1. Could you pull out the chymotrypsin sites (Phe, Trp or Tyr not before Pro) across region 25-121 that fall in loop regions by DSSP (anything but H, G, I, E, B) with no more than 13 other Cβ atoms inside 10 Å?
2. Any chance you could check the Cα centroid distance between region 1-39 and region 66-97 for me, in angstrom?
3. What's the FRET efficiency of Val22 with Lys123 using the Cβ-Cβ distance as r and R₀ = 25 Å, to the nearest 0.05?
4. If each of Lys49 and Ile102 carries a label point 7 Å out from its Cα toward its Cβ, how far apart are those two points in nm?
5. If the only charges are +1 at each Lys and Arg Cβ and -1 at each Asp and Glu Cβ, what is the size of the charge dipole of the chain around the Cα centre, to the nearest 20 debye?
6. Give me the three principal axis extents of region 2-175 from the C-alpha atoms, as integers in angstrom, largest value leading.
7. Using θ = phi - 60° and the Karplus relation 6.51 cos²θ - 1.76 cosθ + 1.60, list the HN-Hα couplings for region 60-77 in order, rounded to whole Hz, with x at every Gly or Pro.
8. In nm, to one decimal, how far is the Ile40 label point from the Ile160 one, both placed 7 Å along Cα→Cβ?
Amino acid sequence: MIQFILLFAVYLVVVVLGSYYVNLYVTHDRFSKEELKAVIPYLAQLGNKITADYSIPAIALTFGVASLLGIAFPMLSEHWFLNSSILFVALFLAFPLVKKNIERANVTTGGTLYDTAIFIFVKYYNFIVVGFGAGTATAIMYNWAVYKSIHFLWFLANFILISILTGIAVNHIAND
């Protein structure tokens, strides 16, 4: 269990740091040593933005549940479908569309559990995507490395796709 938690934490740190460097590469033609070293101010700015715009308990809840679901699906079976990026890609593509449709309908909270869930989804959907992606990537890494239940090339293709899309979701959080 400790291995799994450490793997999850390291993967999440690598994706967040990777999103900074990819964003730096995309936005600049040339960069200085100071820009390459400025990852700590980026992390501080990201942390400040998150704490100013979002509720930490709500982030913890949505991120935690999404991460557990992302871990659970690949760990349920050795089947190739569950040990792939298919579910994550479907969520990654569908969530922005669902959010846009909900916002277009101008859903307001009426106090019911359903309205509260819709509000949480609209506000925290990027955290849900990052949590589900990190959980799925960690689970398929674990299934490949420990159980040898999936082939390396299948693991690698799915892992790369999940990592790229999770990095994009982290970038959305940083730039929204």
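All of the numbers you see were taken from the coordinates with simple rules; none came from a lab. Bear in mind the structure is a predicted one, so any value in this text is a computation, not a measurement. As a convention, Cβ positions derive from the backbone with ideal geometry for all residues, glycine included, and neighbour counts pool all protein chains shown.
1. Phe31, Trp80, Phe81
2. 23 Å
3. 0.50
4. Reported label-point gap for Lys49 and Ile102 is 2.1 nm.
5. Dipole magnitude for the chain comes out near 80 debye.
6. Extents along the principal axes, in whole Å: 49, 46, 29.
7. Computed from phi, the couplings for region 60-77 are 4, 5, 5, 5, x, 5, 5, 5, 4, 5, x, 6, 5, 4, x, 7, 5, 8 Hz.
8. 3.4 nm
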